[in-house]
Each structure stands twice: as structure tokens, then as C-alpha cells.
1. What about Ala85, is it at pLDDT 95 or above, open to solvent by less than 30 Å² (accessible area, probe 1.4 Å) and under 21 Å from Ser172 (Cβ atoms)?
2. Considering only the stretch 134-144, state which residues are within 21 Å of Tyr222 (Cα to Cα) and either exposed (fewer than 15 other Cβ atoms within 10 Å of the Cβ) or among the small types (Gly, Ala, Ser) (or both).
3. Quickly run through the stretch 115-133 and pick out the residues that are open to solvent by 70 Å² or more (accessible area, probe 1.4 Å) and of a type in the set (S, T, N, Q).
4. Of all residues being basic (Lys, Arg) and either in contact with a helix residue (DSSP H, G or I) (Cβ under 8 Å, 6 or more places away or on another chain) or assigned to a loop (DSSP other than H, G, I, E, B) (or both) in the stretch 215-259, which is farthest from Ala190 (Cα to Cα)? Just the residue, please.
5. For Glu136, indicate whether it is in contact with a helix residue (DSSP H, G or I) (Cβ under 8 Å, 6 or more places away or on another chain), among the charged types (D, E, K, R) and outside the structural domain of Ala28 (by TED's automatic domain parsing).
6. Find the residue count for the stretch 26-66, including only residues that are free of Cβ contacts under 8 Å to residues at least 40 places away in the same chain and of a type in the set (Gly, Ala, Ser).
7. Specify the residue that is farthest from the chain's Cα centre (by Cα); the eligible residues are those in the stretch 145-162 that are more than 16 Å from the ligand (Cβ to nearest atom) and open to solvent by 10 Å² or more (accessible area, probe 1.4 Å).
8. Of the residues Ala44, Ala80, which single one is surrounded by fewer than 16 Cβ atoms within 10 Å (Cβ to Cβ) and more than 18 Å from the chain's Cα centre (by Cα)?
Amino acid sequence: MVSLPGMDAPPSIRETGAPRLLILGGTAEARELAAALQARGTFAVSLSLAGRTRNPLPQSAPTRSGGFGGVDGLEAHLRAERIDALVDATHPFAATMSHHAHEAARRAGVPLLALQRREWQRQPGDIWREAATIPEAVEKLGPAPRRVLVALGRNEVRALEAAPQHACLVRSIDPVEPPLAVPQARYIEARGPFAEADEHALLTAHRIDAILSKNSGGEATYGKIAAARALGIEVIMVARPARPEVETVDSVDGVLEWLERLPHHSSPARRGV
Ligand code: NAP
């Protein structure tokens, strides 16, 4: 585990004995939530990142980085840090972390809420084909060579090596290293949000005829979906993985309301039970 600057809670919060909230992050929503709670000052907030991105955006709450070491590690963290409430604001495709959060919170007796942005819904004019997994999405591109915008995480793009006939335009926040073992691939390093007009220009300039996308939801990366609709480009849309059944809201305001409803007693993790 690597500590990022500002990891320690401000003394004023520690002294007031404010309830302690851990946010599992890695999303814009987690950042917004942390900022909103810091501004209110009613919770001692800490934010946890997986540590995958080389240069994570600055956060307004104390932040830790790196895995906990599975369910046992997260449970131990909840107890050691005397966490009173846990918010799973990880990305909809970070299903492993969500399952760990569910189990660790249950064991430690810590109330858990999931913050999940809504899925994108197919609109009139969209040309979507659904896939359950990324390998299935690659398969659905078909045998004929295509020009594909690959909008997947850099650890997921390797699935394209199974279909070397396609010309890939791979966009990721950090570089894809080593490059894909395919004859035709170009790389763009960029972090959203991406405006629809810019996506329209990108798709046109590279003569893209298919997009590989996860159904992430949210505004920041929807521009390519809207631009694809306008240009009549097919989107192979990867469906979300199954997540544990947890009380879920789809907005920062929903989390704030949930926190207000929380009983004002310490969790078993805080009491050291
Ligand atoms: P994942 O498969 O669900 O999690 C794999 C492991 O990474 C977890 O078991 C955990 O390690 C660690 N981890 C994940 N999120 C963490 C967090 N917030 N704090 C501390 N450890 C965390 O996750 P993933 O799909 O690789 O995503 C990694 C992170 O990137 C997530 O935080 C997610 O919000 C963010 N993200 C993911 C995507 C995506 O498409 N998957 C897109 C944008 C952002 P331990 O078992 O050791 O605790």
C-alpha cells in the first residue's frame, strides 16, 4: 500500500470524533463525493484507489493507494481504521472489488452503500450489438478486417490480439505496454471527458467503422456513443458484470441522503468488536 499526500485525517476531524467513512474510488463520482463530504466536514473521509493509473487526478480527501489484500485485508482495514460506513463508488466493471466490499463490510458489521452510475440505454439510431465479455465483443467484430476504436482499459485491450485482421485505434489513459501483437495498431493516450464533437472528428479522421466499448454509463465517455449514432457506426457494447446485491444509489446526492439516515452509533468495526 502506498500513501498519497494528505492521507492522515486533519487533526480537527480526529479530535471531534466525527464518524469515519471510507470511499472505494477510481471514478469521477468518488472524487465528487469526497469533495462534497470534505466541504461539509461532518465525516472523516478517506478515499481508496487501486493505484493503477500512473498520475491519478488530485483528490480533495486523504487518499490511500493499492489493494487491501482481498476480503481479509479489507476487513482488517475497516477494523483497524474504525470505519463507520463504507461507500463502494468503484467503476461498474470493477466487480471483484465490489464483491470484496460486500463480504468485508458484512463481516465487520459496517454499513455499505454502492454508488453506481446508470447504464447507457440504446437510443433510436444506435447500432449496438451486445456482448457479455470483452473476448466475445472482439469475436463479434467478425472475420473481415475493420477499423476499430478500442475504448477499453489498457489491461483489457490484449483481447484484440485474437483478431489481428483489424486495424485498431487504441485509446487509454496510460500507454499500452508492450504494444499489441497485431500488425495495425495506433495509440492515443488521453483521459476523458471527451466531447461529442471531438469524438465525431476522431472517428471521421481515422475512418472508424466499429467501436468496442464497455457500458460504463455517465457523461464523460458518452460522446463516442452519440457520435457513432450520428455517423451510423456500429458499437459492440460489453454488458456490465454481475455485482453483489447491495443498496445502491446513482448519484452523489443519494449517498449524502443515505449518510444522513445512518444511525448515529458506532459500527462494530469502530468499537473493535
Ligand atoms: P477489480 O478487478 O474489481 O479489482 C481488482 C483488485 O484491485 C481488487 O481485488 C483490489 O485488490 C484492487 N482494487 C480495486 N479497486 C480498488 C480500490 N478502489 N481501492 C483499493 N484497491 C482496489 O478492479 P479493476 O476493474 O481492476 O479496477 C481497478 C480500479 O480502477 C477500481 O478502483 C475502479 O474503480 C477503477 N476503474 C476501473 C475501470 C474498469 O473498467 N474496470 C474503469 C475506470 C476506473 P485487493 O484484493 O488486494 O484489495
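1. It is false that Ala85 is at pLDDT 95 or above, open to solvent by less than 30 Å² (accessible area, probe 1.4 Å) and under 21 Å from Ser172 (Cβ atoms).
2. Ala137 - this is the single residue of the stretch 134-144 that is within 21 Å of Tyr222 (Cα to Cα) and either exposed (fewer than 15 other Cβ atoms within 10 Å of the Cβ) or among the small types (Gly, Ala, Ser) (or both).
3. Gln121, Gln123, listed by residue number.
4. Our first condition is that a residue be basic (Lys, Arg); within the stretch 215-259, this holds for 224, 229, 240, 243.
Imposing the further condition that a residue be either in contact with a helix residue (DSSP H, G or I) (Cβ under 8 Å, 6 or more places away or on another chain) or assigned to a loop (DSSP other than H, G, I, E, B) (or both) reduces the set to 224, 240, 243.
On the way: Lys224: 14, Arg240: 23, Arg243: 28 Å.
Top of the filtered list is Arg243.
5. Values: in contact with a helix residue (DSSP H, G or I) (Cβ under 8 Å, 6 or more places away or on another chain): no; among the charged types (D, E, K, R): yes; outside the structural domain of Ala28 (by TED's automatic domain parsing): yes.
Against the criterion (in contact with a helix residue (DSSP H, G or I) (Cβ under 8 Å, 6 or more places away or on another chain), among the charged types (D, E, K, R) and outside the structural domain of Ala28 (by TED's automatic domain parsing)), Glu136 does not qualify.
6. Residues flagged as free of Cβ contacts under 8 Å to residues at least 40 places away in the same chain and of a type in the set (Gly, Ala, Ser) within the stretch 26-66 amount to 8.
7. The qualifying residue farthest from the chain's Cα centre (by Cα) is Pro145.
8. Details: Ala44 fails: surrounded by fewer than 16 Cβ atoms within 10 Å (Cβ to Cβ).
The unique qualifying residue is Ala80.
The values are calculated or read from the model by the stated rules, or taken from the named source; none is laboratory data. Predicted model only: the values in this text are computed from it and were never measured. Note: ideal-geometry Cβ built from the backbone for every residue, glycine included; neighbour counts use all protein chains shown. To get the accessible areas, we keep the full protein, side chains included, count just its heavy atoms, and leave off ligands, DNA and RNA. Shrake-Rupley method; radii C 1.70, N 1.55, O 1.52, S 1.80 Å.
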